[in-house]
Amino acid sequence: MTTTPTRNRRAEILDAAAGLFAARGFHGVSIEDIGSAVGVSGPALYRHFSGKEALLAEMLLDISGRLRDQGARLATTADPGTAEAILDALIRGHVEFALAHPSLIRVHERELDNVPETARRAIRRLQRLYVEEWVTVLTELRPACPPARLRAATHAVFGLLNSTPRSAGELPPDAMAAILHGMARAALAAL
């Protein structure tokens, strides 16, 4: 599959905006700042996005959709296909995402309220679907545990894994990944 120059430019704009929003907050960044970061005028961004809110919405929809799709794929393809292997794959996938995209995590934590309502509902829906992938696997591992408890544990583990904007940096990514994976497994074992 080839990507078009427009898609590459959109991705470049989204990446630059994520870094700026993470560093200075949504309201602390102008369209001109984002344009400058990718080497174009601010108004040139309107060829790609209708405004800063639309850019933020696409950014958060994209990461929520990617995580949900990854979770669904891992839940059906983890080898050897046991619930334990699937859980390890889900944790590993989320850790890889968290270590690769701490700016996106920070933007999501801080800026979701700046997304227009329709897009915010879609983002929340994708997130609920992603959580349910985890809950389905955990239900197989802990059949006596109520789904609400499994859901709460999943959210708590996400909080741990999504700590990378604050916790990653001093250690090499492989070492941090091992710590996060082990801590997630230990937290879920508490169920």
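The values are calculated or read from the model by the stated rules, or taken from the named source; none is laboratory data. Treat the numbers as computed from the prediction; the structure is a model and nothing was measured. So basically every Cβ, Gly included, is an ideal-geometry build from the backbone, and we count neighbours across all protein chains shown. Quick note on the areas: whole protein, heavy atoms, side chains included, nothing else; ligands and nucleic acids left out. Shrake-Rupley method; radii C 1.70, N 1.55, O 1.52, S 1.80 Å.
Kindly provide the set of residues from region 168-191 that are under 19 Å from V131 (Cα atoms) and open to solvent by 30 Å² or more (accessible area, probe 1.4 Å), ordered by number. Spell out the reasoning first.
At the first step, the residues of region 168-191 found to be under 19 Å from V131 (Cα atoms) are 180-181, 183-191.
Residues satisfying the conditions are H181, M183, R185, A186, A187, A189, A190, L191.
L126 - would you say it is touching a residue at least 60 places away in the same chain (Cβ under 8 Å) and surrounded by 15 or more Cβ atoms within 10 Å (Cβ to Cβ)?
Here the answer is yes, as L126 does meet what is asked.
Can you confirm whether P116 is more than 15 Å from the chain's Cα centre (by Cα) and open to solvent by 70 Å² or more (accessible area, probe 1.4 Å)? Spell out how you get there, then give the answer.
Values: more than 15 Å from the chain's Cα centre (by Cα): yes; open to solvent by 70 Å² or more (accessible area, probe 1.4 Å): no.
Against the criterion (more than 15 Å from the chain's Cα centre (by Cα) and open to solvent by 70 Å² or more (accessible area, probe 1.4 Å)), P116 does not qualify.
Residues P102, P146, P165: which one is open to solvent by 60 Å² or more (accessible area, probe 1.4 Å) and not acidic (D, E)?
Only one candidate passes the filter, namely P146.
Looking at region 28-38 only, could you name the residues that are aliphatic (A, V, I, L, M) and open to solvent by 10 Å² or more (accessible area, probe 1.4 Å)?
I31, A37, V38
Which one is surrounded by the most Cβ atoms within 10 Å (Cβ to Cβ), of the residues in region 39-61 that are among the aliphatic types (A, V, I, L, M) and more than 23 Å from the chain's Cα centre (by Cα)? Let's see the steps before the verdict.
Filtering region 39-61 for residues among the aliphatic types (A, V, I, L, M) gives 40, 44-45, 54-57, 59-61.
So of that shortlist, the ones also more than 23 Å from the chain's Cα centre (by Cα) come out as 40, 44-45.
Values: V40: 17, A44: 14, L45: 24.
Here the residue is L45.
Quick check: anything in region 62-71 among the hydrophobic types (A, V, I, L, M, F, W, C), open to solvent by less than 20 Å² (accessible area, probe 1.4 Å) and not in a loop (DSSP other than H, G, I, E, B)?
So far as region 62-71 goes, yes, one or more of its residues are among the hydrophobic types (A, V, I, L, M, F, W, C), open to solvent by less than 20 Å² (accessible area, probe 1.4 Å) and not in a loop (DSSP other than H, G, I, E, B).
What residue, of A122, A148, is among the small types (G, A, S), touching a helix residue (DSSP H, G or I) at 6+ places or on another chain (Cβ under 7 Å) and in a helix (DSSP H, G or I)? Full working, then the answer.
On the way: A148 fails: touching a helix residue (DSSP H, G or I) at 6+ places or on another chain (Cβ under 7 Å).
Exactly one residue qualifies, and that residue is A122.
Examine region 112-130 for a residue that is β-branched (V, I, T) and over 21 Å from S163 (Cβ atoms), and state whether such a residue exists.
Step one: list which residues in region 112-130 are β-branched (V, I, T), which gives 115, 118, 123.
Those still in the list that are over 21 Å from S163 (Cβ atoms) too: 115, 118.
Yes, because at least one residue in region 112-130 is β-branched (V, I, T) and over 21 Å from S163 (Cβ atoms).
For T154, indicate whether it is open to solvent by less than 40 Å² (accessible area, probe 1.4 Å), among the hydroxyl-bearing types (S, T, Y) and within 18 Å of L74 (Cβ to Cβ).
Numbers: open to solvent by less than 40 Å² (accessible area, probe 1.4 Å): yes; among the hydroxyl-bearing types (S, T, Y): yes; within 18 Å of L74 (Cβ to Cβ): yes.
So T154 fits the description; yes.
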